[in-house]
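Below: one structure, written as structure tokens.
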Protein chains: 2
Amino acid sequence: MNNTRFATVVHVLAILADNDGEWLSSDWIANSININPVMVRKELGTLQQRGLVITRKGKEGGSRLQKSSTEISLADIYLLVKNTEVLGKKNLNTNPQCPIGKQINKALDGLFAKTDELMLAYLQSITLEKFVKQFR
Amino acid sequence: MNNTRFATVVHVLAILADNDGEWLSSDWIANSININPVMVRKELGTLQQRGLVITRKGKEGGSRLQKSSTEISLADIYLLVKNTEVLGKKNLNTNPQCPIGKQINKALDGLFAKTDELMLAYLQSITLEKFVKQFR
DNA sequence: AATAACTGTAACAACAATTATTACAATTAA
DNA sequence: TTAATTGTAATAATTGTTGTTACAGTTATT
């Protein structure tokens, strides 16, 4: 991952957790992260799909957590933003005439699955609540 | 990490381990990965700096392992290619006027350090030899 | 009913990272 | 001397990421 999406989504959820029950606008949230509100709305869209937040449109609209922060883990966030494996991408088109070229991607798949599993298990153990506690 | 460098370097080393003692040219190696030989030479350059391979210039030149494949671990490779944290980049410029914005990066640093540690510990346990065994 | 404050999303622009390629000087074995 | 190689600079091509503008649709408030 070479992007800021994990950091952004954690930030968004931390703010929502810190203001539990209130409807916060994308503008307000974006102001804390210092990014464009449209980026925030995009992430909130995915968070909604996954049932982590609810959003209300129109005046006085905004978003808030749909689950308790004890029921959200960093693994949920990771799964939401993950686009490549932890160790990066494979070389597709390796040469099948070479024994290594032929088999390496199967071996990498196995490795990548393990590292992913490891990461998920750890992130699952950290709830949003636990993470946000650090800010108090 | 959003690139193929880990996969590439693993591939390069797997080939060298599989042809232990022989001097393999960057062209030969590139042919198995199906990438440009210059890319291979670049990675070999770093591998040399770290003392993992030796390279000989000129006709009949090429590269081979400098250490036994039992003394090289996937963690060595990971450290070589790592450019961002496992969970991505932070948002710099968060708003210091917001309590979350002010403190989040410190919290993320802690988290990123843990995930990195976890990953390294696992990768250290896998030697090149062990990895290459899968191809036999 | 009108207004103001929102969300959702498309379209696109700007920027950054990654990968590929060309070219050639320097090195070395035969 | 020649042929095969590395090392590396320069740059092009491609892909990924982030930012921005614009505006239709929604909703609370008056």
Accessible area (Å², per residue) of chain B, counting only protein heavy atoms and a probe of 1.4 Å: 49 Å²
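What is the calculated FRET efficiency for residue B:48 to residue A:3, with r their C-beta to C-beta distance and R₀ = 30 Å, to the nearest 0.05? Before the final figure, lay out the partial values.
Values: r = 31 Å, r/R0 = 1.04.
Result of the calculation: an efficiency of 0.45.
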Å³ per residue enclosed by the Cα convex hull of chain B: 120 Å³
Residue B:4 long-range amide H proximity, modeled H, under 5 Å: A:89
Potential extension, residue A:31-residue A:83 segment - 0.36 nm per residue separation minus Cα distance: 16.1 nm
HN-Hα J in Hz across region B:8-22 - Karplus 6.51, -1.76, 1.60, θ = phi - 60°, x for Gly and Pro: 5, 5, 4, 4, 4, 5, 4, 5, 5, 5, 6, 10, 4, x, 8
Anisotropy class of region B:40-112 from Cα gyration tensor, a/c 1.5 cut: prolate
For A:118-126, mean number of other protein chain Cβ atoms within 10 Å: 3
Accessible surface buried once A binds B (1.4 Å probe; total of both sides; Å²): 4400 Å²
Cα extents of the protein assembly as shown along the three principal axes, largest first (Å): 73, 31, 30
Teacher prompt: residue B:135 distances to equivalent labels in other copies, 7 Å Cα→Cβ, nm: 4.8
J(HN,Hα) series, region B:54-69, from Karplus relation 6.51 cos²θ - 1.76 cosθ + 1.60, nearest Hz, glycine and proline x: 10, 10, 10, 8, x, 4, 6, x, x, 10, 8, 5, 9, 10, 5, 5
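Within 10 Å of each candidate Cβ there may be at most 10 other Cβ atoms; applying that plus a DSSP loop requirement, which trypsin sites (Lys or Arg not before Pro) in region B:29-118 survive?
Hits after loop and neighbour filter: B:57, B:59.
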Peptide A:72-82, shielding by other chains (average Cβ, 10 Å cutoff): 1
Placed amide H near residue B:66: partners under 5 Å, 5+ positions off or other chain: B:53, B:54
Chain A, rotation onto B, residue closest to that axis via Cβ, with its distance in Å: A:2, 2
Inter-copy spacing of residue B:38 label points, which lie 7 Å from Cα along Cα→Cβ, given in nm from shortest upward: 3.6
Qualifying GluC sites (Glu not before Pro) for region B:45-134 [loop in DSSP, other Cβ within 10 Å: at most 10]: B:60
Net charge dipole size for region B:5-133 [Lys, Arg +1 and Asp, Glu -1 on Cβ; Debye, nearest 20]: 440 debye
Other-chain or far-sequence residues with amide H under 5 Å of residue B:73's (modelled H): B:128
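The values are calculated or read from the model by the stated rules, or taken from the named source; none is laboratory data. Because the structure is a prediction, the values reported are computed rather than measured. Note that we place each Cβ from the backbone using ideal geometry, even for glycine, and neighbour counts take in every protein chain shown. Protein only, heavy atoms only, side chains kept; ligands, DNA and RNA dropped before computing areas. Shrake-Rupley method; radii C 1.70, N 1.55, O 1.52, S 1.80 Å.
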